[in-house]
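Visitor: I am attaching a structure below and will ask some questions about it afterwards.
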């Protein structure tokens, strides 16, 4: 039976071979049938649906598939790849990927494209024209297209040939289960084309997925590193005829431009997705007279500056350049992968020189440091970010305008003549000074020896933004089914950011208010040190004066007149007053030295205060009375000097008010009692009172109601007394307020602090 | 005799203050001002050679120096130490050394952790010398006189008893052992120091005015105090021993013996009202009984004056004050009345008072209202 089958197949093959037009599919089937009858060997066969499985398993996500096609174009030495979408917001749309790479011959199509697991890229790891390291993964391209859409038209052509080739694939229709992969015939046709044309076009129909702007953006970012952030030059030229050398790589441009009906989708460009993250754009210029200048513009920092350079550049000629300046900090590269940005900087950073449209090597190459930026950064004579990776700049020289520049014979740089030295100096000055100005604006230390540097703390919102960026970076590449969760997390972070920013705005407003207050407190604090010395010195001096006075008085006694007596009495009174004040100052200084908090017994404290000021008040005819109920009333732990400060500030205000009032009643009353868990000191006087219209301002810093009058003993107020009282109350969880005075008084302040939690009743 | 003293101060401006210490009269004292323009040893030797009856030293002798290499680079302590060491060699050479300085320096000097303050018999602020010259003069004159008295009977066996004027009845009432030990000290300034500590500065054997009034239950506001003191003097209650003229004191146990005789009861068992009634009746006085600060009543059994407010205080309404140095039974421990504890007034006193830890529980209850007064 088997022999009969073999004979039948042999006959069928012979019949086919005899035909004018060979039926390749029939040959393929007969060959497979024959091989299946081989009793001495078995052979692998591949199910046609395997392509589909490999497509999803090897490639996975739709944007990965498209990224791979872009990388294939890069590996094919394409200078540009254009990706056009049609009707992509839903499945079933179309996609055209068009590159101007080296293209494929028919042989390459057969041997590489149509061969699974080809070793082509392994054998050829470097592209033939520009010496590019292969960016795409091996043999993934065909699966990527199968992953993207149900049908593919592959059009490819190479330079030097008058025909290109077109292959049709219908993945879903033809590559089905049960069919052998090798039996599926994919029609190929030739088409005429100009000989100089080269490239590959992939027309993918009936897209399997819808494409969102976010997905497109992810594609963009995945291939960003393939593109330098520079304009490509008009021309490129071979370095030499040496077969082992490569042409200078003009770069690789990716253009993604989706169309949906009449709408134009946002164009994804290098400018938009990378260069917009620059900290600043630096423009340098030399005019006809050799005057150099540069301008720095930073939208991110809201900063612009221009500067003229003192040095004259008479050899360079007229010139302009641009450079994008990057600082690789999360706060300055938000919405973009910091890692990718740094990679971009490492790969493409530097300052390129073009002459007559051609790139002059090696300026701006990764290993090149013609401006000595890397050198100085390494030596830390430049502390600002100003290495090659921080700049993406290029300068274009022309033979017409910049005639003194010449290239070396080997085309490996410019002759380093005086014009070159001037160019070096000019570009270096522009870049370095621009970076320093930005650093100064950002508050960074510019040089190692800078003394007047104060680092700024990062705001919480900056840290939060970094967290948001990291979140986007980590989750952005994922396509998970838990989209809602991710959105929820994003919303939470956004809300947190809003709250943080509001808080920061309020904090900045408060900080401005506090700065002036703190400046005055600093002055007062430094006065405190002087007061300590002053107090002791005054005490000593007063003692001597009093002694002298006593002796003087004693000398008058034998013949003292009424006038003498009055004079001596006034002097004695004055000295007594000074003594009391000096004693009070010394006592305050002694108390203020204690840093311990303790429960303050208000009776003892107020009594001591009253005793200390008894003489002072007596000379003014002011009567001070106090009561404390209950007598054991104690505050929660606080500084003793704080209570003294409160009493003192209230007292001085009362004395001023009483003297302004010029009333017959000169009374100050201090009552301390307990109310609602607070020890409340009620301070009342018979002075001028507090007008209702200023009551709300009276606790503000620098608000004072006392103006200096020549006939007054007391001087103008500092405006801080009640502010200090208010701060003490706040610091101790208490309060201070103006209350309605009791009968017989015109002014009343209530100061309350929590009572000791050990107090009973 | 006319006593001779020296006041050493680097500030010429304070010369006049030192001059206030001089006392005119045959039994007076002339105090000479000296600037410390010599190195320490030379100055000390010069002072010693003049055989002073008193030396007053400013605390900081090194603050005012006329030139960079001026020799006064020392404070009062080392100078006093040198002078004291000399007295160990020669009893007759001993003399009172007092510290005279501005208030804040005195306070700093007498912080508890400093150990040199035993070098000085007394200390005065310049402020009090100016404000209370008579008292200060009286005291230092008494001090100088006391030294002379002691030195005069130094070799006598019971010199202490002679100095203070203890009789046989007194000896029976007082613990003798500490007194015998005082008797055995080697230098006059050591004996003087202890006389102040056990007789003059603390109540126990003797009483100051506040404690006298407390023992008698008398209000300090009473008008007839001079008459009372005169009566007590007549009855031998007034202390007339060494330093008696400088510091008014009264014999404690003699007072109580008198009280017992007059009132037929130990004073300690009588209320203030009863004590005053007894005194008024016996001596024709118009004394007012003291009121308890805690109860507000005059039926209190006062025992001493509060160390804080100096008012008559009952034992039951007081707490012990912490004292860093131990003391023999001769001295009554300091106590603080409950009122001063309640109001916190005792915290305003200098030298600082604090409650003994044995009474902290009670003190806390008073401070926080768990124990409340009636007055």
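Visitor: Helix B:252-263 versus the longest principal axis of chain B: what angle, 0 to 90°, nearest 10, using Cα atoms?
Guide: 30 degrees
Visitor: How far, in degrees from 0 to 90, does helix B:272-283 lean away from the longest principal axis of the Cα atoms of chain B, to the nearest 10?
Guide: Value to nearest ten degrees: 80.
Visitor: Give me log10 I(q)/I(0) at q = 0.13 Å⁻¹ for chain B, Debye formula, one equal scatterer per alpha-carbon, no solvent.
Guide: -1.13
Visitor: If packing is taken as the average count of other Cβ atoms within 10 Å, what order do A:64-76, A:736-748, A:285-297 fall into, highest mean first? Before the final figure, lay out the partial values.
Guide: Working: A:64-76: 24.8, A:736-748: 14.9, A:285-297: 16.8.
Order by mean packing, descending: A:64-76, A:285-297, A:736-748.
Visitor: Next up: Going by the alpha-carbon gyration tensor, a ≥ b ≥ c the square roots of its eigenvalues, is segment B:173-321 rounded (a/c under 1.5) or, if a/c is not under 1.5, prolate (a/b greater than b/c) versus oblate? Show your work: numbers first, answer last.
Guide: Values: a/c = 2.05, a/b = 1.60, b/c = 1.28.
It is prolate, given that a/c is not under 1.5 and a/b is the larger ratio.
Visitor: Restricting the count to DSSP beta bridges whose residues both fall in segment B:3-151, what percent are antiparallel, rounded to a multiple of 5?
Guide: On the way: 1 of 18 bridges.
The antiparallel fraction comes to roughly 5 percent.
Visitor: Let me ask another. Considering the zone a paramagnetic label at residue B:354 would reach in this model (a point 7 Å from Cα along the Cα-to-Cβ line), which residues of segment A:593-631 have amide N under 20 Å from it?
Guide: A:593-602, A:604-605
Visitor: At R0 = 51 Å, how high is the FRET efficiency between residue A:159 and residue A:295 if r is their beta carbon distance? Nearest 0.05 is fine.
Guide: Values: r = 44 Å, r/R0 = 0.85.
FRET efficiency, residue A:159 to residue A:295: 0.70.
Visitor: How far apart, in nanometres, would the label points at residue B:201 and residue A:367 be if each is projected 7 angstrom from Cα along the Cα-to-Cβ direction?
Guide: Each label point lies 7 Å from its Cα, and together they span 9.1 nm.
Visitor: Then there is this: Hey, what did chain B get for relative contact order, percent, Cα under 8 Å, at least 6 apart? All intermediate terms of the calculation are to be shown ahead of the outcome.
Guide: Details: 629 pairs, mean separation 42.6, N = 375.
So the answer I get is 11 percent.
Visitor: What percent do you get for the relative contact order of segment B:3-151 when only Cα pairs under 8 Å and 6+ apart count?
Guide: Relative contact order, segment B:3-151: 25 percent.
Visitor: Let me ask something else about it. Once you have a ≥ b ≥ c as the square roots of the Cα gyration tensor eigenvalues for segment A:618-659, tell me rounded if a/c is under 1.5, and otherwise prolate or oblate according to whether a/b is larger than b/c. Let's see the in-between values first.
Guide: Values: a/c = 3.35, a/b = 1.66, b/c = 2.02.
Because a/c hits 1.5 or more and a/b fails to exceed b/c, segment A:618-659 counts as oblate.
Visitor: Can I ask one more? With just the Cα atoms defining each centre, how far is segment A:156-175 from segment B:10-79? Give it in Å.
Guide: Computed from Cα coordinates, the inter-centre distance equals 119 Å.
Visitor: Work out the FRET efficiency for residue A:376 and residue A:398 from their Cβ-Cβ distance, taking R0 = 30 Å, and round it to the nearest 0.05.
Guide: On the way: r = 30 Å, r/R0 = 0.99.
Once the sixth-power term is evaluated, E becomes 0.50.
Visitor: Still on this structure: Mind giving me the FRET efficiency for residue A:303 and residue A:494? R0 is 45 Å, r the Cβ-Cβ distance, nearest 0.05 is fine. Before the final figure, lay out each step's value.
Guide: Values: r = 27 Å, r/R0 = 0.60.
Between residue A:303 and residue A:494 the formula returns 0.95.
Visitor: Under a crude label model (7 Å from the Cα following the beta-carbon direction), how far is residue A:310 from residue A:555 in nanometres?
Guide: 7.2 nm
Visitor: Below 8 Å between Cα atoms, with a sequence gap of 6+, how large is the relative contact order for segment A:274-442 in percent?
Guide: 24 percent
Visitor: Ok, one more. Roughly what angle does helix B:40-49 make with the longest principal axis of chain B, taking Cα atoms, 0 to 90 degrees, to the nearest 10?
Guide: Computed tilt is about 80 degrees.
Visitor: Further question on the same structure: How would you rank B:47-53, A:3-9, highest first, on the average number of other Cβ atoms within 10 Å across their residues? Please list the in-between numbers first.
Guide: On the way: B:47-53: 16.3, A:3-9: 12.3.
Per-residue Cβ counts within 10 Å, averaged per peptide and sorted highest first, yield B:47-53, A:3-9.
Visitor: Still on this structure: Work out, step by step, the length gained on full extension between residue A:25 and residue A:255: first 0.36 nm times the residue separation, then minus their alpha carbon distance; give nm to one decimal. Mind dumping the intermediate values first?
Guide: Numbers: separation 230, 0.36 × 230 = 82.80 nm, distance 4.01 nm.
In short, 78.8 nm is gained.
Visitor: A further question follows. Assuming 0.36 nm per residue, please report the length gained on full extension of the stretch residue A:412 to residue A:463 beyond their Cα-Cα distance. Walk me through the numbers before you get to the answer.
Guide: Numbers: separation 51, 0.36 × 51 = 18.36 nm, distance 4.55 nm.
Full-extension gain reported as 13.8 nm.
Visitor: Going by a ≥ b ≥ c, the root eigenvalues of the Cα gyration tensor, does segment B:3-151 fall in the rounded group (a/c under 1.5), the prolate group (a/b larger than b/c) or the oblate group?
Guide: Numbers: a/c = 1.34, a/b = 1.14, b/c = 1.17.
Judged from the Cα gyration tensor, segment B:3-151 comes out rounded (a/c under 1.5).
Visitor: Now for a different question. How many Cβ atoms of partner chains, on average, are near each residue of B:337-345 if near means within 10 Å of its Cβ?
Guide: Working: counts 0, 1, 3, 3, 3, 8, 13, 16, 7.
Per residue, the average neighbour count from other chains is 6.
Visitor: How many percent of DSSP beta bridges within segment A:613-698 run antiparallel, rounded to 5?
Guide: On the way: 8 of 15 bridges.
Counting DSSP beta bridges with both partners in segment A:613-698, the antiparallel share is about 55 percent.
Visitor: Per-residue Cβ counts within 10 Å, from other chains only, averaged over A:596-602: what number is that? Could you put the intermediate results ahead of the total?
Guide: Numbers: counts 0, 0, 2, 3, 2, 10, 2.
For peptide A:596-602, the averaged partner shielding equals 3.
Visitor: Of the listed peptides A:197-204, A:728-735, what is their order by residue-averaged count of other C-beta atoms within 10 Å, with the highest listed first? Let's see the in-between values first.
Guide: Working: A:197-204: 22.0, A:728-735: 16.6.
The peptides rank, most packed first, as A:197-204, A:728-735.
Visitor: Hey, got the average number of other protein chain Cβ atoms within 10 angstrom for residues in B:120-133? It would help to have the intermediate numbers written out before the result.
Guide: Details: counts 0, 0, 0, 0, 0, 2, 6, 9, 1, 2, 12, 6, 0, 2.
Mean inter-chain Cβ contacts per residue within 10 Å come to 3.
Visitor: Additional query: If you restrict to DSSP beta bridges whose two residues both lie in chain B, what percentage is antiparallel, to the nearest 5? If you can, show how the numbers build up before the last one.
Guide: Values: 12 of 29 bridges.
Here the antiparallel bridges make up roughly 40 percent for chain B.
Visitor: Additional query: Can you tell me how much longer the chain between residue A:742 and residue A:570 gets when fully stretched, taken as 0.36 nm per residue apart minus their C-alpha distance, in nm with one decimal?
Guide: On the way: separation 172, 0.36 × 172 = 61.92 nm, distance 3.57 nm.
Length difference between fully extended and current span is 58.4 nm.
Here, each number is a calculation from the coordinates, and none is a lab measurement. Since we're looking at a predicted model, the values are computed, not measured. Every residue, glycine among them, receives a Cβ derived from its backbone with ideal geometry; neighbour counts consider all protein chains shown.
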